[in-house]
Amino acid sequence: MPDPVVESVPFRLPDLGEGMAEAEIVRWEVAVGEHVARDQIVAIVQTDKAEVELPVPHAGTITALGGEVGDILPVGATILELVPDVPITEPASPEVALRPSTTQVRREGSPVQAAPPVRKLARELGVDLEHVAGSGPGGRVTAGDVRAAAAPEAPATRPEPVPGDERVPLRGIRRAMARNMAEAWRTVPHVSLFDEIDARPLLDALHAARELSGSDTLTLTAFFVRASVLALTAQPLLNASLDDAAEEIVYHRAINIGVAVASDDGLVVPVVHNAQSLSLRALGDEISRTTTAARAGGLRRDEIRGATFTVTNFGTEGGRFATPIVSPPQVAILGCGAIRTQPVVDGDRVVAAPALPLSLSADHRVVDGHHATTFLDAIAALLRAPVQLLASDE
């Protein structure tokens with residue numbers, strides 16, 4: 001009896017979590033005709049959060065690739081096909097095989113299928129669910145469908161091309177940054193506060209700590225993060241997340257600080273996990289390590305996940321005041337500007353002194369003016385008199 005013919009089977013792009021809807025092919029690690037082992041990495045894909053290695057679930061020989069580098073594939077799309085070494089009966093990616101690859105259209109007159117949080121979101125955004133085509137199982141309307149329906153329509157025409165202009169595809173980290181920023185700005189009602197402090201004690205403390213420790217990784221950013229940790233410990237509301245669908249505020253036990261880093265490819269935010277357990281010097285070391293890795297594109301996925309609060313030191317780029325954008329589900333972000341010499345009131349005198357501008361943006365659904373003001377005051381007080389920050393060090 002002849003052996004059964006083994007046909008190619010598709011390997012579909014799996015749902016890698018965190019609301020992922022699609023991913024961009026960054027790099028192929030294999031080629032057509034190549035034999036691969038089970039769990040071998042076949043491609044690097046870029047989600048909205050990070051670059052992710054994609055392992056294949058079956059051993060076999062690759063017969064087709066599902067796209068070119070730079071292509072963007074939806075979850076459930078065939079990313080490659082292969083002839084397995086042994087016949088398989090289950091779908092190549094069972095967790096995504098049940099997902100519809102295209103939007104399903106509801107039959108006229110049938111009831112709209114949508115969860116209560118989705119209906120609530122539709123009411124808030126003024127979207128009539130009767131006119132929304134659901135992309136979920138069985139045509140169920142998802143939150144993403146509602147947000148897409150509420151989004152303003154794109155301009156009907158593109159700007160006329162001008163000789164000398166250059167168009168560059170929005171891809172990779174910069175594309176993820178653009179989408180995340182737009183989503184945050186559209187969904188979070190921001191409130192921003194500002195302050196400015198005399199930075200002389202802070203700079204003295206930085207120089208003294210560097211001389212004492214002999215560490216060249218100790219920077220102002222470490223002081224900003226340490227001050228944030230102490231202030232968040234006193235005000236846990238700003239170390240919380242908003243679960244919009246469940247209408248719950250989630251208070252986090254751990255303080256995981258995202259530190260915004262500008263790279264050539266766009267904004268990257270490595271996370272210092274359990275920052276409450278780190279000394280000032282340890283914070284400096286960890287921030288130095290992760291920011292170096294971020295600029296080199298060498299961060300692991302877990303190193304950019306789980307932030308409960310973010311610090312952005314745009315002063316390193318020369319910026320003074322800004323309104324940082326909150327990254328949901330976080331509820332607040334601290335911005336620190338460039339220190340410049342200017343007139344400062346010192347007792348009953350006005351002297352020339354270095355001044356540090358501070359900005360705090362918060363999600364006004366969770367953080368009211370009282371909490372925001374109290375928190376920023378606490379940050380300012382810690383940085384004006386940094387002895388508490390130094391006292392925590394080894």
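The values are calculated or read from the model by the stated rules, or taken from the named source; none is laboratory data. The model shown is predicted, which means the values in this text are computed figures rather than measured ones. Ideal geometry is used to build each Cβ from the backbone, glycine not excepted, and the neighbour counts take in all protein chains shown. Heads up: the accessible areas ignore ligands, DNA and RNA and are worked out on the full protein's heavy atoms, side chains in. Shrake-Rupley method; radii C 1.70, N 1.55, O 1.52, S 1.80 Å.
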Worksheet item: Considering only region 48-72, how many residues are under 17 Å from residue 176 (Cβ atoms), open to solvent by 20 Å² or more (accessible area, probe 1.4 Å) and either out of contact with any Lys or Arg (no Cβ under 9 Å at 6 or more places or on another chain) or not in a loop (DSSP other than H, G, I, E, B) (or both)?
Response: 4
Worksheet entry | region 233-249, subset under 13 Å from residue 367 (Cα atoms) and among the aliphatic types (A, V, I, L, M), residue surrounded by the fewest Cβ atoms within 10 Å (Cβ to Cβ) | 249
Worksheet item: Which of the residues belonging to region 370-390 are open to solvent by less than 80 Å² (accessible area, probe 1.4 Å) and at pLDDT below 95?
Response: 385, 386, 389, 390
Discussion item. Six or more apart or on different chains, Cβ atoms under 9 Å: show the pairs whose first residue is in region 161-189 and without any contact (Cβ under 8 Å) to a residue 40 or more places away in the chain and whose second is open to solvent by less than 60 Å² (accessible area, probe 1.4 Å) and part of a loop (DSSP other than H, G, I, E, B).
Written reply: 186/151
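Please work out if residue 210 is open to solvent by 50 Å² or more (accessible area, probe 1.4 Å), modelled with pLDDT of 90 or more and farther than 30 Å from residue 370 by Cβ.
Answer is yes for this residue.
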Worksheet item: Does region 156-168 include one or more residues that are out of contact with any helix residue (DSSP H, G or I) (no Cβ under 6 Å at 6 or more places or on another chain), open to solvent by 60 Å² or more (accessible area, probe 1.4 Å) and within 25 Å of residue 273 (Cβ to Cβ)?
Response: no
Discussion item. Anything in region 139-186 that is at pLDDT below 85, part of a loop (DSSP other than H, G, I, E, B) and acidic (Asp, Glu)? List them, or say none.
Written reply: 153, 160
Response to the item:
Just one listed residue, out of 372, 380, 338, 355, is in a loop (DSSP other than H, G, I, E, B), out of contact with any Cys (no Cβ under 8 Å at 6 or more places or on another chain), of a type in the set (Gly, Ala, Ser) and more than 18 Å from residue 269 (Cα to Cα), and it is 338
Worksheet item: What tally of residues in region 27-47 results from selecting those that are closer than 14 Å to residue 13 by Cβ, open to solvent by 40 Å² or more (accessible area, probe 1.4 Å) and touching an Asp or Glu at 6+ places or on another chain (Cβ under 8 Å)?
Response: 0
Worksheet entry | residue 323 open to solvent by 50 Å² or more (accessible area, probe 1.4 Å), part of a loop (DSSP other than H, G, I, E, B) and at pLDDT 90 or above | yes
Worksheet item: Which one of these is within 17 Å of residue 326 (Cα to Cα) and open to solvent by 70 Å² or more (accessible area, probe 1.4 Å): 174, 179?
Response: 179
